C-alpha cells in the first residue's frame, strides 16, 4: 500500500473537523462523483495483481479522493460547522 501525505488547513476546531471526518453522510457527499457506496466489510488483497494496481493506479486515485474529501470537510467545517444538510 502506498504512503500518502496530505495537509489541509481548516479554520475550525479539531472537534468539529474530527466529527465531520467520521460522518458517513459527509463521506457520501465527498464521493458522489465516484458513485462509491459505503458498505460493511473489507476487500481482500489481490496478491501480485494488487501490488501492481497499487503501484500503477491506487496512489494517484487515493490522493485525488482524499484531497476532494478534505476539501469537502473544510468547506463544511468553515461554512456550516457540523450541519451536513
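Observations
- Given in Å, the Rg to one decimal and the Dmax to the nearest whole number for the Cα atoms of the stretch 14-79 are 14.2, 44.
- Per-pair calculated FRET efficiency, R0 = 25 Å: residue 7 and residue 35 via Cβ, rounded to 0.05: 0.35
FYI, it's all coordinate maths here, none of it is from the lab. No experiment lies behind these values; they were computed from the predicted model shown. Please note: Cβ atoms are built from the backbone with ideal geometry, for glycine as well, and neighbour counts cover all protein chains shown.
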